[in-house]
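Notes follow once the structure below has been shown.
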Amino acid sequence: MRNMRLAAALALVFILVTTVFLGGCGQKLAVAPQQGGLQGLKKLKVGLVFDVGGRGDKSFNDAAYEGLEKAEKEFGDKIEIKYLEPSAGGENRERLLRLMAQDKYDLIFGVGFIFTDSIAKVAKEFPQIKFGLIDGFVPGLKAENNISCLLFREHEGSFLVGAAAAMQSKTGKIGFVGGMQSPLIEKFETGYIAGAKYINPNIGILSDYIGTASDAFKDPVKGKELTLKQIKDGADVIYHASGASGIGVLEAAASQQKFVIGVDSDQSLPAKEDQRSFVLTSMLKRVDVAVYETIRSLVTQKFQGGYQEFGVQENGVGYAENQYNKELIAANKAKLDELKEKIIMGEIKVPTSKEDLK
């Protein structure tokens, strides 16, 4: 009987100890979900592959980096970022994308339309990974696809700076220097011509392209040469859409005390002090906004495939105004803002190609 009572007592102690132990574990497990659990501790991985010119081009790539940097500052507790530079000719774009995909990145950006074929291929091989394609178009995408094409209405922003160039010109001639001759860069040129002609139907416009391959975006020597030629032919305001080649455009224009219009980023900010006064404005192409918003959609679990478009109305394109050029464009600001509003309201429909322009 005594043994039975002892056994019962030991069993009761065992039950009590087990209950307390499991209860304690239950309390610990209850806290973990409130902190996000083990999954919540794992940061999302965001990668970006620059195009030729890379970081430091003071243009397209730098704008993409600004968006990446802003996202890291805002969501640093939720994401980790990495960026890669392609080889000089950009031949290893696809390999860099695949390296990040194999490393299980959650979102990977390709900066530039030249990434189109590579992203389409790698995204098919890694359907669980999301891709942001800047300026490229993959046909037939839907919201459930893992590619989001980030597109811009560059022609709208170029229309505004074309108007600014025509209002500023004293010679009645302005210039355009494009990087790689392609339908995309021709959108810049078309909008610029349309804006200038809207202000002055008789204005002369000189257009030149640096080349037909992607290395045209990193040839400042050629950019300088073409700009000097246009100035010699009478142009006193030159707009460039040529990536890092624009460094040569600005250098040439400033040396001749002529105005230049930058592209993508506000190019008066990184310009040398003796060049800033010759940057009339820049056509802002808010690649930073597109990159940031895409990362935000990933963090908030609202990422969608398909096509996202950024124009004047979405603050995706526009013109730069800062402490360096404020006085330069002050006399024409009211007109520029009027044109901006007309584009938003649909009163002005900016052409996208040379055929539409005609």
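The values are calculated or read from the model by the stated rules, or taken from the named source; none is laboratory data. This structure is a prediction, so every number in the text was calculated from the model and none was measured. Using ideal geometry, Cβ is built from the backbone for each residue, glycine included, and neighbour counts are taken over all protein chains shown.
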**Request:** Can you tell me which residue within segment 161-184, out of those that are at pLDDT 95 or above and assigned to a helix (DSSP H, G or I), is nearest to Glu355 (Cα to Cα)?
**Result:** Gly162
**Prompt:** Is it fair to say Ser118 is surrounded by fewer than 24 Cβ atoms within 10 Å (Cβ to Cβ), modelled with pLDDT of 95 or more and outside the structural domain of Ile193 (by TED's automatic domain parsing)?
**Reply:** yes
**Asked** Scanning segment 255-284 for residues that are small (Gly, Ala, Ser) and surrounded by 20 or more Cβ atoms within 10 Å (Cβ to Cβ), which turns out modelled with the lowest pLDDT?
**Response** Ser265
**Request:** Need at least 1 residues that are aromatic (Phe, Trp, Tyr) and on the phi < 0 side of the Ramachandran plot per element, so show me which helices (runs of 4 or more DSSP H) inside segment 270-358 make the cut, counting only ones lying wholly within it.
**Result:** 287-299
**Item:** Selection from segment 135-155 of residues that are in contact with a helix residue (DSSP H, G or I) (Cβ under 6 Å, 6 or more places away or on another chain) and either free of Cβ contacts under 8 Å to residues at least 60 places away in the same chain or aliphatic (A, V, I, L, M) (or both)
**Value:** Asp135, Gly136, Val138, Ile147, Leu150
**Prompt:** How about segment 226-246: which of its residues are surrounded by 24 or more Cβ atoms within 10 Å (Cβ to Cβ) and in a loop (DSSP other than H, G, I, E, B)?
**Reply:** Ala235, Ser242
**Item:** Restricting segment 318-344 to residues that are within 25 Å of the chain's Cα centre (by Cα) and hydrophobic (A, V, I, L, M, F, W, C), the residue that is surrounded by the fewest Cβ atoms within 10 Å (Cβ to Cβ)
**Value:** Ile344
**Matching option when the condition is touching a residue at least 60 places away in the same chain (Cβ under 8 Å), crowded, with 17+ Cβ neighbours inside 10 Å and of a type outside the set (Asp, Glu), among Gly223, Gly306, Gly311** = Gly311
**Fill in**
Scanning segment 136-160 for residues that are outside any loop (DSSP other than H, G, I, E, B) and within 15 Å of the chain's Cα centre (by Cα), the one surrounded by the fewest Cβ atoms within 10 Å (Cβ to Cβ) turns out to be Leu151
**Request:** Go through the residues of segment 76-91 one by one and say whether even a single one is in contact (Cβ under 8 Å) with a residue 12 or more places away in the chain, small (Gly, Ala, Ser), within 13 Å of Val289 (Cα to Cα) and in the same structural domain as Tyr105 (by TED's automatic domain parsing).
**Result:** no
**Request:** Take segment 173-216 and flag every residue that is surrounded by fewer than 20 Cβ atoms within 10 Å (Cβ to Cβ), within 18 Å of Leu250 (Cα to Cα) and among the hydroxyl-bearing types (Ser, Thr, Tyr).
**Result:** Ser207
**Request:** Hey, can you tell me all the residues within segment 117-132 that are without any contact (Cβ under 8 Å) to a residue 24 or more places away in the chain and either of a type in the set (Ser, Thr, Tyr) or outside any helix (DSSP H, G or I) (or both)?
**Result:** Pro127, Gln128
**Prompt:** On the given criteria, is Asp215 assigned to a helix (DSSP H, G or I), of a type in the set (D, E, K, R) and closer than 25 Å to Val317 by Cα?
**Reply:** yes
**Request:** Please tell me if Val249 is assigned to a strand (DSSP E or B), within 22 Å of the chain's Cα centre (by Cα) and buried (at least 24 other Cβ atoms within 10 Å of the Cβ).
**Result:** no
**Complete:** Apart from one, (1) touching a Phe, Trp or Tyr at 6+ places or on another chain (Cβ under 8 Å); (2) under 27 Å from Gly305 (Cβ atoms); (3) modelled with pLDDT under 95 all hold for Gly53; the odd one out is (2)
